Amino acid sequence: MKEGDRERKKERKRKENEKESERQREKRERERENGISLFHMSSLSSLQINKPIDGVGRTPLMEACFMGADRRIIDILIKAGAKLGAKNRWGNTALHWAVLSGRPHAVEILLSRGSEVNPRDKDGETPLHWACYWGYLHTVDILLGHNGIDVNVVDNDGDTPLHLAVRSQHYNVVCAMLSKDSVNLEIVNKEYRTPLLEAVSDGHLGIMQRLIARGANVNVVEHGGNNCLHLALKRENNFHSEVEHMTMLDQVSFHIVCDYVCVCVCVCVCVCVCICASLCVCKIDKQTEKDRQKQTLFVSQFSPTNPILHYHFLIQSQW
C-alpha cells in the first residue's frame, strides 16, 4: 500500500472515530439530562409541590426564585404543578421573590410560563413596585416589556411604581418608567404628592428635569399646602443631580413663610438650554419678553443665618 493511501485511510479512520465519539457524547448528555429530569419529576410528583416549606407560607417555587436557582430547576417545579400565583402570609408571589432578590432570569421564566405580572401583596405592591424601589433596572425593563404590565397601579399608600423610583432616587429607573407613554405623572398618593413633588422634596435635580420635560404639572399642591417652590426652598442647598452645569441669569426677590418663619429670599433665575445635556426646556408664562426666554429656574436663597443657600430647582413659572 502506498504511503499516500495509508495516510488517507488513517485520516478517514480518525474522522470516523471523532464522529462516533461525538455521537456517544451527545447520547450520554441526553441520557444524563433525561435522567435528571425524570428523577426530579418522579420525586416531585410524589410531593405536595405547593405545600409551604416554612411558617410564613413560602413554597418551593418561591424559594427557588429567591435563591436564583437554575432555569431548569424553576421549570421543573412549574411543570410539576407549582402554582405561579401562590402567595405567602404577606401576599407575595414567586414573582415578587424573584424581583426582590434581583433574579432577572427567574422573572423571565415566570412570565414566559404565564405568571400574572401585576399581583398585589398585602401592601398593594406589585413586582414593579419592588423593582422600582430597589432600583433593579434590568428587571424593570423586563416587566415593562410585558404586554399586561400596569405602570400606574397604586399601592395602599397611593404610590405608583414611579413614586417609589423617584423617592428612592433611582435616576435610570425613572428614565425607564418615563419611556412608557402610558405612565401617568399626575397621580397623587395619600400625601397628595405627585412624583414631581417627591423629586423636589428629595432634592434630585436630574429626576426633576426628566419629569418636567415629560410634562409634569409644576403647580400641583401637596397636603400641607406646599407647591414645588415651597418644597425647594425648604431643601436649603441640599440638591444633587447628574447635571453638572447651570447658568445664573437674573434675580427676583419675594417673601415666603417657611416653617413658621418669614424670611426674605432671593431667587436667581437661570437658563439651561442645552437639551442634549438632558436639561429640560420649560416655558415661563407671566414675565417679560426677556424672562420668557429663560427656561430653567435656579433658585438661590439668602438669609441672615445662612448667607448663601442654593436651591437648584427647575420649574415652569406661574407667578
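Readers should treat all values here as calculations from the given coordinates under stated rules, not as data from a laboratory. Not measured: the values here are computed from a predicted model. Using ideal geometry, Cβ is built from the backbone for each residue, glycine included, and neighbour counts are taken over all protein chains shown.
Somewhere in segment 187-205, is a residue within 19 Å of L231 (Cα to Cα), crowded, with 17+ Cβ neighbours inside 10 Å and under 13 Å from the mean Cα position of the chain (by Cα)?
In the first step, residues of segment 187-205 are kept if they are within 19 Å of L231 (Cα to Cα); the result is 187-205.
Among the residues that remain, those that are also crowded, with 17+ Cβ neighbours inside 10 Å are: 187-189, 193-205.
Okay, now just the ones that are also under 13 Å from the mean Cα position of the chain (by Cα), so none.
The answer is no, given that none of the residues of segment 187-205 is within 19 Å of L231 (Cα to Cα), crowded, with 17+ Cβ neighbours inside 10 Å and under 13 Å from the mean Cα position of the chain (by Cα).
Give the residue that is farthest from L196 (Cα to Cα), with candidates limited to residues of segment 132-186 that are among the acidic types (D, E) and surrounded by fewer than 18 Cβ atoms within 10 Å (Cβ to Cβ).
D141
For the condition within 30 Å of H223 (Cα to Cα), surrounded by fewer than 19 Cβ atoms within 10 Å (Cβ to Cβ) and more than 14 Å from the chain's Cα centre (by Cα), what is the one hit in K122, K79, K83?
Answer to the check: K122.
State yes or no: is A131 under 30 Å from G224 (Cα atoms), in contact with a Ser or Thr (Cβ under 7 Å, 6 or more places away or on another chain) and not in a loop (DSSP other than H, G, I, E, B)? Step through it out loud before you land on a result.
Details: under 30 Å from G224 (Cα atoms): yes; in contact with a Ser or Thr (Cβ under 7 Å, 6 or more places away or on another chain): yes; not in a loop (DSSP other than H, G, I, E, B): yes.
It is true that A131 is under 30 Å from G224 (Cα atoms), in contact with a Ser or Thr (Cβ under 7 Å, 6 or more places away or on another chain) and not in a loop (DSSP other than H, G, I, E, B).
Any residue at all in segment 138-146 that's without any contact (Cβ under 8 Å) to a residue 12 or more places away in the chain and closer than 30 Å to Q48 by Cβ?
No, every residue in segment 138-146 fails to be without any contact (Cβ under 8 Å) to a residue 12 or more places away in the chain and closer than 30 Å to Q48 by Cβ.
Evaluate segment 134-148: report whether one residue or more is of a type in the set (D, E) and within 22 Å of V218 (Cβ to Cβ). Don't jump to the end; show me each part of the working.
First pass over segment 134-148, keeping only residues of a type in the set (D, E): 141.
After this cut, where a residue has to be within 22 Å of V218 (Cβ to Cβ) as well, the list is none.
Checking segment 134-148: not a single residue is of a type in the set (D, E) and within 22 Å of V218 (Cβ to Cβ).
Need pairs with beta-carbon distance below 9 Å; first residue in contact (Cβ under 8 Å) with a residue 24 or more places away in the chain and within segment 54-69, second surrounded by fewer than 18 Cβ atoms within 10 Å (Cβ to Cβ) and among the hydroxyl-bearing types (S, T, Y); sequence gap 6+ or separate chains.
Within 9 Å, the pairs are C65/S101; F66/S101; M67/S101; G68/S101.
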